[in-house]
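Taking it in order: structure first as structure tokens, then the write-up.
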Amino acid sequence: MAPPAAIRWFAVVSALMLCHLITTSTAIYCDEDDCYDLLGVTQSANSSEIKKAYYKLSLKHHPDKNPDPESKKLFVKVANAYEILKDEATREQYDYAIAHPEEVFYNTARYYQAYYGHKTDPRAVLVGLLLILSAFQYLNQWTRYNQAVDMVKKTPAYKNRLRALELERSGGTTNKKKSNKQMNKKVEEDLGNELELQIKGAEQPSMWDLLVVHFVLLPYTIGKLLLWCGCWFWRYKVKQAPYSWDDASYLTQRSLNAPLDAWRNLDDSRKEDLIHKRLWEKSNLENYLAEMRKESKRRR
């Protein structure tokens, strides 16, 4: 058996730890004080008794009636205790913290959720988050686009296009004098601004591509999608109409799992050939893929 001194020491340490837990769990509400003791009521007091006790103490310690600095501090504590105990939800949380002092983190989380969670409009948080993400998205798109433009301007193809445009503007003659070198740089910059650069994977940023704009237009987008699905079902499933060129092009692109940008950059004759193969039909697609595999083996 453990000696009596050790048992007493363990009991004292346990009591101190329990007191610390109780203080920690409840201190976030009324600091080191007990909310019920501040109002002079018991834990079983009803809302009417709590209200009467608060009004009685507020009349006694209000700064307008009692100029004593200590009385002013007590008034602030009493008002805080009343704010906690007048609301059934926060009072229940406070009572739970008293009854379960060991759940420090849980009690702290409930306190901050009750006092700060309801003061923040979730809609404002969502809008703010979307605006921040959209700002980063727009900045990232501009950075990628500018980097891509700088790389393209260093390529021989771009310089050839620039020379061709300069010849077109000057009527087929160019000035090769070294004294006009600075002017040529300015001309080069002006002509470069006229060239429309189409860079795959780094398109010029647009406000319509931002996340916040997509979110605002989400109801319209969903409605448009539902309308499109309904028209598709009526035209091609019910009426059994032949596919239009655009719809056949869409089906072909989906069947080949081709990226939209790659499909758009495909020449029209190649598109027409693929569409005529009716690759959205499973048998045609399998035959086409088999032919492509054979062609790839022959090239090897």
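The values are calculated or read from the model by the stated rules, or taken from the named source; none is laboratory data. For clarity, every value in this text was computed on a predicted model and none was experimentally measured. Cβ atoms come from the backbone with ideal geometry, glycine included; neighbour counts cover every protein chain shown. All accessible areas refer to the heavy atoms of the entire protein, side chains included, with ligands and DNA or RNA removed. Shrake-Rupley method; radii C 1.70, N 1.55, O 1.52, S 1.80 Å.
Would you check which residues across the range 243-256 are open to solvent by 60 Å² or more (accessible area, probe 1.4 Å) and either modelled with pLDDT under 90 or over 32 Å from the mean Cα position of the chain (by Cα) (or both) and list them?
Y243, W245, D246, listed by residue number.
I'd like to verify a number: residues in the range 212-242 that are surrounded by 10 or more Cβ atoms within 10 Å (Cβ to Cβ), over 28 Å from the mean Cα position of the chain (by Cα) and in a helix (DSSP H, G or I), how many?
10
Based on this model, can you work out whether Q204 counts as of a type in the set (S, T, N, Q) and modelled with pLDDT of 75 or more?
Answer is yes for this residue.
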